[in-house]
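Reading through the C-alpha cells given below for one structure.
The values are calculated or read from the model by the stated rules, or taken from the named source; none is laboratory data. Owing to the predicted nature of the structure, the values given are computational and were not obtained by experimental measurement. Note: ideal-geometry Cβ built from the backbone for every residue, glycine included; neighbour counts use all protein chains shown.
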Amino acid sequence: MQNIKTRKITEDVTLITTLDKSTKKFEEIWEISSGINYNAYLVKDKNSYMLIDSTKNKFSEEFIETIRNIVKDNELKYIAVLHTEPDHSGTIRKLKEKFPKSKIISTRTASSFLKSMFSIETEVVKDGEEIKIDEKEVKVIELPWIHWPDTMMLFLKDERILFSSDAFGAFGARELVFDDEVKFEEYLKDVKSYFASVVSKYRQMILKDLEKINQLLDNVSVVAPAHGLVLKSRIKEIIRNYESWSKLESKKKITILYGSMYGITEEFVSEIKRYLEEKVNEVKVCNVAREELGSILSEVMDSYGIIIISPTYEGNLFPPMSYVLDLLSIKKLGNGKIVCAVATKLWGGVAPKQIQEKLSECGFSLLDKVYEFSNYPTKENLNLFLETVKKLVDIGK
C-alpha cells in the first residue's frame with residue numbers, strides 16, 4: 001500500500017502514517033510542495049487496541065485495511081478523535097461501520113461536531129479522566145485551540161507517550177519517523193512554517209496550554225504528533241521554540257516583503273537588502289508572488305522589522321501583497337513589529353492608503369509614512385526611503 005506506512009515506535013504502539021504527496025495546498029491555502037503526513041497511532045494492550053486519530057477520507061480504504069491487518073482477531077476497543085479536522089477524522093464513519101463494537105471517544109465539543117458531521121455519537125471524556133484499554137491507562141488532557149476548539153491530547157502512562165494532536169507537527173510527507181533520523185535544523189523550518197500557517201492565530205491559548213504540557217514533561221519520553229516526525233531527543237527544543245513563537249519573540253532580523261511585476265521593483269529591493277546586510281544580523285527577502293505563504297509568515301514571525309515594497313496594480317495594491325497582508329492580519333503576526341513601506345506606481349490609484357489600512361489591521365506600527373514612488377524608483381527615491389530604513393535599523397540596536 002503505497003500511501004500508508006507503519007512502524008513501531010514502542011513494542012505496543014504502532015505509527016500508521018499516510019504519506020499525502022498529491023495535496024499541494026494544505027487547507028487549499030498553504031503551499032506544501034513536499035506534501036504532508038497524517039499520523040494515527042494504534043496502541044495494543046493484551047487483547048485490545050485503541051486507535052488514536054485516522055486520516056483523510058481519500059485514503060480510507062487503505063487505512064482500514066492496514067488496521068484490520070494489525071488488529072486481526074483482537075478487539076478495536078476505542079477510537080480516539082483528538083480533534084475533528086477532516087484530515088484526521090475523515091475515516092471515522094467507515095471505521096465505525098467496520099468496527100461496530102468500538103467506542104469513539106472525544107471531548108464534548110468534538111462530540112457535537114462529529115454528530116453534526118457524520119451523525120455519530122461518541123463517549124465524551126473530560127480533562128484529567130483516565131481510560132483503561134485493558135491494563136494500560138490513557139490520561140485525557142483537554143487543550144482547546146491547538147488549533148481547533150475541540151482538541152485534546154492523550155498521555156499513555158506506561159510508555160510515557162504524549163499524543164499531541166496538531167501541536168508540534170510539521171509540513172512534509174516523510175517516510176522517516178523519528179527526530180534523530182533527520183537534519184533537525186532543516187526539519188525545524190518545516191515545524192516553524194506549520195506553526196505560522198496553521199496554529200499561530202491562537203498564540204495566547206497555546207501559551208496557556210504549554211504551561212500544562214510543561215508539568216508533564218519530566219514524565220514524557222515521546223511526543224507523537226498528528227503531522228511530521230515523532231519526537232524523542234528534541235522535545236524540549238521544540239517546546240522552547242513554540243513558546244518563543246507564541247510570544248512573537250523577535251531576532252535582530254528584518255524581512256523585506258516585495259512584489260515586482262516586471263523586475264523593476266526588484267532592483268530597488270536589492271539596494272535596500274545590500275544596505276541592511278551591513279547593519280543587522282539577518283535579512284530575509286520574500287517575493288510575495290513566488291514564495292510559499294507559510295515560509296513568508298514564518299519569516300515575519302520572528303523579525304522585529306518588516307519592509308513592504310509593492311507595485312500598484314490597476315490602481316490598487318498588488319494582489320499577492322494584498323493577500324499576504326490579509327493572512328498576516330488573520331494571524332495577527334504584526335503585533336509589536338515595526339514596518340516601513342513603499343508603493344510604486346505610474347498613474348493614480350489608492351495602493352498607499354490600502355497598505356496603511358492593512359498594516360493597521362495586522363497590528364504593525366508604521367514608521368513615518370507609506371512612500372509613493374514612480375514605478376522606476378530613482379536614486380533620490382532610494383536615498384529618501386533609506387532615511388526611514390535607517391530609523392528601523394536603529395530601533396533594533
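At-a-glance table
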quantity: Scope region 89-109; condition closer than 29 Å to Lys72 by Cβ and not basic (Lys, Arg); matching residues; calculated: Ser89, Gly90, Thr91, Ile92, Leu95, Glu97, Phe99, Pro100, Ser102, Ile104, Ile105, Ser106
quantity: Residue in region 372-386 that is closer than 24 Å to Lys253 by Cα and not in a helix (DSSP H, G or I) present; calculated: no
quantity: Hey, Ser270 out of contact with any Ser or Thr (no Cβ under 6 Å at 6 or more places or on another chain), on the phi < 0 side of the Ramachandran plot and of a type in the set (Gly, Ala, Ser) or not; calculated: yes
quantity: Candidates Glu237, Glu175, filtered to the one that is assigned by TED's automatic domain parsing to the domain that holds Lys126, surrounded by fewer than 23 Cβ atoms within 10 Å (Cβ to Cβ), of a type in the set (Asp, Glu) and modelled with pLDDT of 95 or more; calculated: Glu237
quantity: Candidates Lys208, Lys189, Lys183, filtered to the one that is surrounded by fewer than 21 Cβ atoms within 10 Å (Cβ to Cβ), touching a residue at least 60 places away in the same chain (Cβ under 8 Å) and assigned by TED's automatic domain parsing to the domain that holds Ser233; calculated: Lys189
quantity: Qualifying residue in region 220-228 (condition: closer than 19 Å to Lys189 by Cα and of a type in the set (Val, Ile, Thr)); calculated: yes
quantity: Given (1) more than 15 Å from Thr14 (Cβ to Cβ); (2) in contact with a helix residue (DSSP H, G or I) (Cβ under 6 Å, 6 or more places away or on another chain), index of the condition Thr55 fails; calculated: (1)
quantity: Out of Lys139, Lys201, sole residue that is farther than 30 Å from Glu361 by Cβ and surrounded by fewer than 21 Cβ atoms within 10 Å (Cβ to Cβ); calculated: Lys139
quantity: Condition broken by Ile308, with the remaining ones in (1) surrounded by 24 or more Cβ atoms within 10 Å (Cβ to Cβ); (2) outside any strand (DSSP E or B) satisfied; calculated: (2)
quantity: Residue in region 219-232 that is buried (at least 16 other Cβ atoms within 10 Å of the Cβ), part of a helix (DSSP H, G or I), in contact (Cβ under 8 Å) with a residue 40 or more places away in the chain and in the same structural domain as Lys189 (by TED's automatic domain parsing) present; calculated: no
quantity: Given (1) under 28 Å from the mean Cα position of the chain (by Cα); (2) without any contact (Cβ under 8 Å) to a residue 24 or more places away in the chain, index of the condition Leu293 fails; calculated: (2)
quantity: Thr18 being touching a strand residue (DSSP E or B) at 6+ places or on another chain (Cβ under 9 Å), under 21 Å from Asp190 (Cβ atoms) and without any contact (Cβ under 8 Å) to a residue 60 or more places away in the chain; calculated: yes
quantity: Enumeration of residues in region 267-289 that are touching a residue at least 12 places away in the same chain (Cβ under 8 Å), touching a strand residue (DSSP E or B) at 6+ places or on another chain (Cβ under 9 Å) and under 16 Å from Lys252 (Cβ atoms); calculated: Lys273, Leu276, Lys279, Val280, Asn281, Glu282, Val283, Lys284
quantity: Qualifying residue in region 212-223 (condition: within 17 Å of the chain's Cα centre (by Cα) and at pLDDT 95 or above); calculated: yes
quantity: Unique match (being of a type in the set (S, T, N, Q), within 24 Å of Ser200 (Cβ to Cβ) and at pLDDT 95 or above) among Thr151, Thr91, Thr122; calculated: Thr151
quantity: Restricting region 241-261 to residues that are in a loop (DSSP other than H, G, I, E, B) and without any contact (Cβ under 8 Å) to a residue 60 or more places away in the chain, the residue that is nearest to Ser310 (Cα to Cα); calculated: Ser260
quantity: Test: Asp166 is of a type in the set (Asp, Glu), free of Cβ contacts under 8 Å to residues at least 60 places away in the same chain and assigned by TED's automatic domain parsing to the domain that holds Val230; calculated: no
quantity: Which numbered condition Ile133 misses (of (1) surrounded by 19 or more Cβ atoms within 10 Å (Cβ to Cβ); (2) β-branched (Val, Ile, Thr); (3) at pLDDT 95 or above; (4) under 25 Å from the mean Cα position of the chain (by Cα)); calculated: (4)
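Matching residues to (1) in the same structural domain as Arg160 (by TED's automatic domain parsing); (2) over 21 Å from Pro225 (Cβ atoms); (3) touching a residue at least 60 places away in the same chain (Cβ under 8 Å):
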{"position": "Lys101", "(1), (2), (3)": "yes, yes, no"}
{"position": "Thr107", "(1), (2), (3)": "yes, no, no"}
{"position": "Phe113", "(1), (2), (3)": "yes, no, no"}
{"position": "Phe118", "(1), (2), (3)": "yes, yes, no"}
{"position": "Glu121", "(1), (2), (3)": "yes, yes, no"}
{"position": "Gly128", "(1), (2), (3)": "yes, yes, no"}
{"position": "Glu135", "(1), (2), (3)": "yes, yes, yes"}
{"position": "Val140", "(1), (2), (3)": "yes, no, no"}
